[in-house]
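To start, the structure under review is shown below, and the notes come after it.
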């Protein structure tokens, strides 16, 4: 799994951070980013819920071979 955040779409609502704080954080501008080492989600069971919680659909998951 690979997590992508479209920073042009992100509004910094922080729903991903609230839902999966082990995977997401917010940068100095308030925009969401993936924590270092968690680029694949780290097996978080809350990852899918965090993606769905984004009010502007800025986060996407893709399968990696």
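Values quoted throughout were computed directly from the atomic coordinates according to the rules given, and no laboratory measurement underlies them. Bear in mind the structure is a predicted one, so any value in this text is a computation, not a measurement. Cβ sites come from the backbone with ideal geometry, for glycine too, and all protein chains shown count toward neighbours.
If R0 equals 25 Å, the separation of the Cβ atoms of residue 62 and residue 11 corresponds to a calculated FRET efficiency of about 0.70. Cβ-to-Cβ counts within 10 Å put 59, 5, 11 in ascending order as 11, 5, 59, the fewest first.
For the range 2-59, the relative contact order works out to 46 percent when only alpha carbon pairs closer than 8 Å and six or more residues apart are counted. In terms of overall dimensions, the chain has a Cα radius of gyration and Dmax of 10.5, 33 angstrom. Here each label is just a point 7 Å from Cα along the line to Cβ, and for residue 52 and residue 4 those points are 2.2 nm apart. Dividing the summed helix terms, -39500 (n - 2.57) for each DSSP H run of n ≥ 4, by the number of residues in the chain produces a 222 nm estimate of -4000 deg cm²/dmol to the nearest 500.
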